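Q: Encoded as structure tokens, here's the structure I'll be asking about.
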Amino acid sequence: MTLLALSGVSFSYGRGSRVLQDIDLAVEAGSNLGIVGESGSGKTTMLKLLLGLERASSGAVSFRGERLDAANRGFMRGFRRSVQAVFQDPYSSLDPRQRVFDIIAEPLRSLKIETDIAAAVEQALRDVDLPADAARRYPHEFSGGQRQRIAIARAIVANPDLIIADEVVSALDLTTRTRIIDLLRSLSARMTFVVVSHDIALVALLCERLVVLEKGRIVEQGATRDILARPAHPYTRQLLASTPRMPERV
Amino acid sequence: MSTLLSVEDLQIRTAARPLVSGISFSIAAGERVGLIGESGSGKSLTALAVLGLLPDTMRVTGSITLDGHPVIGARDRDLVPLRGRSVAAVFQEPMTALDPLMRIGDQVAEVVRRRALRDGTKPGRAEIASRVLALLERVALPEPARIARAFPHEISGGQRQRGAIAMALACRPKLLIADEPTTALDVTTQAEILKLLETVVRDEGMGLLFISHDLPVVATVAERALVMRHGALIEEGPVGTLFGRPSHPYTEGLVAAARAFDAALEFAP
Amino acid sequence: MSDTPVVSAGARPKSSMPWPLMVGGLLVGLHLVIALLSLVWTPYAVGDMVGGRLEGPSFVHWAGTDRLGRDLMTQIMIGSRIALVVGCGAVALGALIGVTIGVLAAFATRTLDDVLAAALDILIAFPTLLLAMLIVASSDGASLWTAILAIGIAGSAIVARLTRILAKRILSMDYITAARISGTASPGIVRIHVLPNIWPTLIVNFALQFGLAVIAEASLSYLGLGAPPPNASWGRLLQEAQASVYTAPFGAIAPGLALVSLVIGLNLFADGLREAADPTRRRSR
């Protein structure tokens, strides 16, 4: 089933030049989608469109086959409940003056989801391997990796169908990065991920399908295995060639 | 090969706690060495110690000898010529290394002039301008004449980093310290900058201390690497051996994580 | 960034109270006690001529008497009350208007924000005195309320400009985007995220504004635009003492000391608050 789709979408800020042009893509339930692009590729704008934070200049963004409509409160509430996000910077993405409990509970409260909030927060903390007493503490008491876990707990607390992850491990150390990737992998069994990153290796680790963005256009999309085995577009080939590798074992 | 940099039993601490505890290593002239560590490992502090740029609030003991001159305990007045002649540095964010209100060409010219004064010559305006252009060409900046007139914010991140490298080259140092110089850059730009660094260092016969958390990146530019963790040096060796048969469990973990990323791309040509 | 905790909850270093907060608090507290006391007790009744004219300080009249033989200490104590009432009122009014406009401007579209910013700049350039004269002219004459209104409105422009800048910085944080994605609407974002995060800086500013308001109140009273008699304001005491400042300087020194001690107290208090609110003092990282 198609969760989110962009069809014929173009976008420009004000009267500026096109940031995105003729974008067609679909996020299918159960199949993680990776969006790879470098600075200036338009991936941040695409993220905002997918999250309903910006409106397309032309074309349509649809959720479960229906067009996103900011005026339709009930529909938007369902959309917000189903589509959550995790961001790059674990420092800027948590309110420093809120306790972890309130941070994680925010979607439940704002979306007026009728559930036992305390139990849901506790379960979310368990899902991201944080101790239950973390709920009483403030973000500054945690390291970068732990903060990213808190942000993931907030994203999953309302049991969404889709999580959009924007460069979620770029700010983390290698060993922490690996643990967060393992966590996202285990969560993939319950929900679908859209992984936005400049790092094609990260996307390849997590996603079955891949979209390569260059200067606001999709230059290549398809199954990750196929693209890695036979990259059709020169830009994709350049990305793969530029990614530094470990030396052969001696 | 003669020893260019020798660090012995370097300790850095604040009043509250030790930050770097007793590390020793050396770099031979023309050698390219990687310094690997995660955040808080003390790798950047080590680099600052070599440059004699640690804040006064930190206590430093041990010995650092750079190009025959002691760094620890030296007066700042004696370190200034050492920094210009023996060692230069390139940092992660070129925007903060460059003066935002000065044209790229003027910034490079300033270094060229200072270096010439130190050598006892006083080149004319035209002479300096031509050396600046040559340096900008050397770091493969497109249209060097135009870039020389540009301000830092008018060019891309990759071009700024090339400008910073040109400034470092203008010193004609014997050792170049590069602290995460490509971390803020795109993958494709990173590949170009790494290639550039490797060529200029090799051509000029400079030593390189390349600091990074990224193993494959270190493998691209360095011959030998050191691994730091919690302020201590835990393992060192030639890149091939270190990444092929790591002996410390921490290094093993890092190598395994890095190989997992490589494995994800194994379908690639 | 690693996966291990940076600071544990209990390990936070104990911060001692910064000295400006203590000294400032003492000075302000002293005025507060005097103001409260003046409600129930003053050495003499406020309008009574109880001594000789222009007497110096003595055991009977601690601060001397004025040109009509009224007790100065009595009037200074009442002056404390007036200063604090006008200061509180003006800061509260300025905060209410200022924070509201500032938050609205931070949320507004580009054009509306530009208009509001320009309006604030004009209001800031507008002298408080002129504003006070306009307000007095359009009401029944000078009173406590006209002083509060004039000083409050003038202060609100500064609060609004500060709030706008602070709120804009908060609105650009990722946790605001996360809140929107969590379905939190704008009023909730202001209540849950914006206000709690800008509050510490605003409080410090309010303390500074309080000091300015006390000076502004004295200036307005000095010019006859403040609270009319029998409300004894320090500004009016200064004005009355002006004619005899060479023969009886204590008539000007006493209310002057009262004014200066309160303003210094408020400024120290503000400095102390800023220091206490500084996260680098509390978090060791």
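The values are calculated or read from the model by the stated rules, or taken from the named source; none is laboratory data. Remember, predicted model here, so these are calculated numbers, not experimental data. No Cβ is skipped: glycine too gets one built from the backbone with ideal geometry, and neighbour counts run over all protein chains shown. Please note that ligands, DNA and RNA were not included when accessible areas were found on the heavy atoms of the full protein model with its side chains. Shrake-Rupley method; radii C 1.70, N 1.55, O 1.52, S 1.80 Å.
Q: Considering only C:I158, A:N159, A:L206, whose Cα is most displaced toward the positive end of the charge dipole of the protein assembly as shown, charges sitting on Cβ of Lys, Arg (+1) and Asp, Glu (-1)?
A: C:I158
Q: Ok, one more. Name the long-range amide H neighbours of B:L19: under 5 Å, sequence gap of 5 or more, or other chain; modelled H, no Pro or chain starts.
A: B:I12, B:R13, B:T14
Q: Amide H of A:T192 versus every other amide H placed in the peptide plane: which residues, excluding those fewer than 5 positions away on the same chain, fall under 5 Å?
A: Here A:G30, A:L162, A:I163 satisfy the definition.
Q: Among all the lysines, which ones have a C-alpha under 21 Å from C:K168's C-alpha, if same-chain residues fewer than 8 places away are not counted?
A: Straight-distance partners of C:K168: A:K48.
Q: While we're looking at this one, here's another question. In a solvent-free Debye calculation with one equal scatterer on each Cα, what is log10 I(q)/I(0) for region A:2-241 at q = 0.09, 0.12, 0.14, 0.17 Å⁻¹, listed in the order of the q values?
A: -0.38, -0.68, -0.93, -1.30
Q: Output ³J(HN,Hα) for region A:59-73: one whole-Hz value per residue in order, computed from phi by the Karplus curve 6.51 cos²θ - 1.76 cosθ + 1.60 with θ = phi - 60°, and x for Gly and Pro.
A: With the stated coefficients, region A:59-73 comes to x, 10, 10, 10, 10, 6, x, 10, 5, 5, 9, 4, 7, 7, 4 Hz.
Q: Considering the alpha-carbon set of region C:153-285 alone, what are its Rg and its Dmax in angstrom?
A: Calculated on Cα positions, Rg and Dmax stand at 21.3, 72 Å.
Q: What is the mean number of Cβ atoms from other protein chains located within 10 Å of the Cβ atom of each residue in peptide A:82-88, rounded to a whole number?
A: Mean partner shielding for this stretch: 3.
Q: How big is the antiparallel share of DSSP beta bridges in chain B, given as a percent to the nearest 5?
A: The antiparallel proportion sits near 55 percent.
Q: What accessible area, summed over both chains, is buried at the A-C interface (1.4 Å probe, Å², nearest 100)?
A: Approximately 2800 Å², summed over both chains.
Q: On to the next question. Take every residue in peptide C:24-31, count the Cβ atoms of other chains within 10 Å of its Cβ, and give the average of those counts.
A: 0
Q: Using a 1.4 angstrom probe on the protein heavy atoms only, line up B:M206, C:M173 by accessible area, largest first.
A: I get C:M173, B:M206, largest accessible area first.
Q: Give me the 1.4 Å probe accessible area per residue for chain B, excluding ligands and nucleic acids, in Å².
A: Averaged over the residues of chain B, the accessible area is 44 Å².
Q: Next question, about the same structure. Name the residues of region A:155-176 whose accessible area falls by at least 40 Å² when all protein chains are present instead of the chain alone, probe 1.4 Å?
A: A:D173, A:L174, A:T175
Q: Could you please put A:R179, C:R81, B:R149, A:R80 in sequence from largest to smallest accessible area, using a 1.4 Å probe?
A: Accessible-area ranking of A:R179, C:R81, B:R149, A:R80, largest first: B:R149, A:R179, C:R81, A:R80.
Q: Can you tell me the dipole magnitude for the protein assembly as shown around its Cα centre, using point charges on the Cβ only (Lys, Arg +1; Asp, Glu -1), in Debye to the nearest 20?
A: Taking the Cα centre of the protein assembly as shown as origin, the dipole is about 360 debye.
Q: To the nearest 10 degrees, how steeply does helix C:128-137 sit against the main Cα axis of chain C, on a 0 to 90 scale?
A: Value to nearest ten degrees: 70.
Q: By a straight-distance test (C-alpha under 23 Å), which lysines pair with A:K43 as possible cross-link partners, with residues fewer than eight away in the same chain excluded?
A: Counting by Cα, and skipping residues close in sequence, A:K43 has these lysines nearby: A:K215.
Q: Quantify how strongly other chains surround peptide A:191-199 by giving the mean number of their Cβ atoms within 10 Å of each of its Cβ atoms.
A: 1
Q: Tally Lys/Arg at +1 and Asp/Glu at -1 over every other residue whose Cβ is under 9 Å from the Cβ of B:V187; what's the total?
A: Result for the neighbourhood of B:V187: -3.
Q: For C:A92 and B:R245, FRET efficiency with R0 = 60 Å and r from the beta-carbon atoms, rounded to 0.05?
A: Efficiency at R0 = 60 Å is approximately 0.25.
Q: Moving on. Hey, what did region C:22-157 get for relative contact order, percent, Cα under 8 Å, at least 6 apart?
A: Averaging sequence separation for qualifying contacts and normalising by length gives 23 percent for region C:22-157.
Q: Check which residues have an amide H placed less than 5 Å from B:L35's amide H, if you skip close sequence neighbours.
A: Amide H neighbours of B:L35, under 5 Å, 5+ apart: B:F210, B:I211, B:S212, B:L226.
Q: Turning to a different aspect of this structure: Kindly provide the helix-only [θ] at 222 nm of chain B, computed as the sum of -39,500 (n - 2.57) over DSSP H runs of four or more divided by all residues, to the nearest 500 deg cm²/dmol?
A: -13000 deg cm²/dmol
Q: Can you tell me the FRET efficiency between B:E266 and C:E275 if r is taken as the Cβ-Cβ distance and R0 is 56 Å, rounded to the nearest 0.05?
A: Efficiency, rounded to the nearest 0.05: 0.50.
Q: So, for chain C, what is the accessible surface per residue at a probe of 1.4 Å, expressed in square angstrom?
A: 49
Q: Let's see if you can work this out: charge +1 on each Lys and Arg Cβ, -1 on each Asp and Glu Cβ, no other charges. What is the dipole magnitude of chain A about its Cα centre, in debye to the nearest 20?
A: Approximately 300 debye in magnitude.
Q: Heavy-atom accessible area per residue, region A:2-241, 1.4 Å probe: how many Å²?
A: Value for region A:2-241: 39 Å² per residue.
Q: A further question on this structure: How big is the charge dipole of chain B about its Cα centre, in debye rounded to the nearest 20, if each Lys and Arg gets +1 on its Cβ and each Asp and Glu gets -1 on its Cβ?
A: Dipole magnitude for chain B comes out near 900 debye.
Q: So, one more: For the interface of A with B, what's the total buried accessible surface in square angstrom, probe 1.4 angstrom, rounded to the nearest hundred?
A: Interface between A and B: roughly 2900 Å².
Q: Along the charge dipole of region C:183-285, Cβ charges K/R +1 and D/E -1, which of C:T247, C:S221, C:N267 sits furthest on the positive end?
A: Among C:T247, C:S221, C:N267, the one farthest towards the positive end of the dipole of region C:183-285 is C:N267.
Q: For chain A, modelled as a GNM with alpha-carbon contacts under 10 angstrom, which of A:I181, A:I163, A:I35 fluctuates the most?
A: A:I181
Q: Continuing with the same structure: Taking only C-alpha pairs under 8 Å that are 6+ residues apart, what is the relative contact order of region A:2-241 in percent?
A: Across region A:2-241, relative contact order equals 28 percent.
Q: How many percent of Cα pairs in region B:166-269 exceed 16 Å?
A: 63
Q: How do B:K43, A:K48, B:K122 stack up against each other in accessible area, from largest to smallest, with a 1.4 angstrom probe?
A: I get B:K122, A:K48, B:K43, largest accessible area first.
Q: Three principal axis extents, largest first, for the C-alpha atoms of chain C, in Å?
A: Principal-axis extents of chain C (Cα, largest first): 77, 50, 32 Å.
Q: Which of the lysines could a cross-linker span from B:K195 if the Cα-Cα distance has to be under 23 Å and same-chain partners fewer than 8 positions apart are dropped?
A: B:K43, B:K174
Q: Find the Cα radius of gyration of the protein assembly as shown, compare it with 2.2 N^0.38 Å by division, and give the number to two decimals.
A: Dividing the Cα radius of gyration by 2.2 N^0.38 Å gives 1.19.
Q: If you filter region C:233-275 for chymotrypsin sites (Phe, Trp or Tyr not before Pro), then keep DSSP loop positions with at most 10 other Cβ within 10 Å, what is left?
A: Hits after loop and neighbour filter: C:Y246.
Q: OK, next. Probe radius 1.4 Å, ligands and nucleic acids ignored: give me the carbon and sulfur share of the accessible area of the protein assembly as shown as a rounded percent.
A: In the protein assembly as shown, the share of accessible area belonging to carbon and sulfur is 57 percent.
Q: Tell me the relative contact order for chain C as a rounded percent, counting alpha carbon contacts under 8 Å between residues six or more apart.
A: Value for chain C: 29 percent.
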